[in-house]
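Presented below is the structure to which this report refers.
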Amino acid sequence: MDPATVTAPMWQEGIDYFATANELCAAHVALQERAETPAGEPVRDILSANPGLPSAAEQFDYLRFKGGSAPGQLTLTWFGEVGGDRMVTVIQVSGGSAVDPNVVLGPASDTLQLLRQEVDSS
């Protein structure tokens, strides 16, 4: 199936990306809390394998990314640490057709850079 031809959600019965930004933030925090336990220790290395934006990863002590998409939806999330400060960034885009991730990555990179600057100035 050509994703550009899909204009409506394919699955109407609850199988899709329905998490809110708050739920995604909570999931990031919960994973990091589990990573602080002996059993969960490998989680940090696993989650940081893909920083989502390699140039942004250079600005953080730790940056982890998780993205997901479905026809007409795109979600990009980052959990970052600088010093002792932790932050979560969530970008969700919904449109009537396939969403081009390249259109969203520029603003996402700018957002992460602004967060880093905010930490540096506080």
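This table checks each residue for (1) polar (S, T, N, Q); (2) at pLDDT below 85; (3) under 20 Å from LEU114 (Cα atoms); (4) not in a loop (DSSP other than H, G, I, E, B).
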position	(1), (2), (3), (4)
ALA19	no, yes, no, no
ALA27	no, no, no, yes
GLN32	yes, no, no, yes
GLU41	no, no, no, no
ALA56	no, no, yes, yes
PHE60	no, no, yes, no
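Quick one: how many residues across the range 53-89 are open to solvent by less than 50 Å² (accessible area, probe 1.4 Å) and among the basic types (Lys, Arg)?
Just the residues of the range 53-89 that are open to solvent by less than 50 Å² (accessible area, probe 1.4 Å), to begin with: 53, 56-57, 60, 62-65, 67-68, 70-82, 87-89.
Next, from what is left, pick out any that are among the basic types (Lys, Arg): 64.
Count: 1.
Criterion applied to PHE79, PHE65 was being modelled with pLDDT of 90 or more and in contact with a His (Cβ under 7 Å, 6 or more places away or on another chain), and the one residue passing it is PHE79. Please tell me if GLN92 is more than 21 Å from PHE18 (Cα to Cα), open to solvent by 70 Å² or more (accessible area, probe 1.4 Å) and either polar (S, T, N, Q) or touching a residue at least 40 places away in the same chain (Cβ under 8 Å) (or both). No, not satisfied.
Among the residues making up the range 63-94, a single one is of a type in the set (Ser, Thr, Tyr) and under 18 Å from GLN117 (Cα atoms): THR89. Of the numbered criteria (1) over 22 Å from ASN22 (Cα atoms); (2) in a loop (DSSP other than H, G, I, E, B); (3) over 14 Å from the mean Cα position of the chain (by Cα), the one VAL99 fails is (1). Once the range 43-52 is narrowed to residues that are of a type in the set (Gly, Ala, Ser) and open to solvent by less than 80 Å² (accessible area, probe 1.4 Å), the residue that is modelled with the highest pLDDT is GLY52.
The values are calculated or read from the model by the stated rules, or taken from the named source; none is laboratory data. Because the structure is a prediction, the values reported are computed rather than measured. FYI the Cβ positions are ideal-geometry reconstructions off the backbone, even for glycines, and counts take in every protein chain you see. To get the accessible areas, we keep the full protein, side chains included, count just its heavy atoms, and leave off ligands, DNA and RNA. Shrake-Rupley method; radii C 1.70, N 1.55, O 1.52, S 1.80 Å.
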